[in-house]
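The values are calculated or read from the model by the stated rules, or taken from the named source; none is laboratory data. Model, not experiment: these values are computed from the prediction. Here Cβ is always computed from backbone atoms with ideal geometry, including for glycine, and neighbour counts include all displayed protein chains.
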Amino acid sequence: LWNCSIGEEGCADLISALKKNPSQLEELVLSYNKVGDAGVKLLSALLEDPHCKLERL
């Protein structure tokens, strides 16, 4: 999702979607987005979820 204008609110929506529909996604590239500190914290917490296959941001 490189350079997709994702903001903090978009991060919350993305996390919700990933939790509802677990995938085999191991890496999520969010370069050139405006996720902010709150978005980074939310995404980092997702890495700790045992049901999430995501390993790298």
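Please tell me if Leu57 is out of contact with any Pro (no Cβ under 9 Å at 6 or more places or on another chain), modelled with pLDDT under 90 and not aromatic (Phe, Trp, Tyr). Break it down into steps so the answer makes sense when it comes.
On the way: out of contact with any Pro (no Cβ under 9 Å at 6 or more places or on another chain): yes; modelled with pLDDT under 90: yes; not aromatic (Phe, Trp, Tyr): yes.
Judged against the criteria, Leu57 is a match.
From the list Ser31, Ser16, Ser23, pick out the single residue that is out of contact with any helix residue (DSSP H, G or I) (no Cβ under 9 Å at 6 or more places or on another chain) and assigned to a helix (DSSP H, G or I).
Working: Ser31 fails: assigned to a helix (DSSP H, G or I); Ser23 fails: assigned to a helix (DSSP H, G or I).
Answer to the selection: Ser16.
Here Ala38 fulfils each of the conditions (1) among the small types (Gly, Ala, Ser); (2) surrounded by 10 or more Cβ atoms within 10 Å (Cβ to Cβ); (3) modelled with pLDDT of 90 or more; (4) not in a helix (DSSP H, G or I) apart from (4). Residues in the range 42-57 that are farther than 18 Å from Ser5 by Cα and either in contact with a Ser or Thr (Cβ under 9 Å, 6 or more places away or on another chain) or surrounded by 10 or more Cβ atoms within 10 Å (Cβ to Cβ) (or both): Ser44, Ala45, Leu46, Leu47, Asp49, Cys52, Lys53, Leu54, Glu55.
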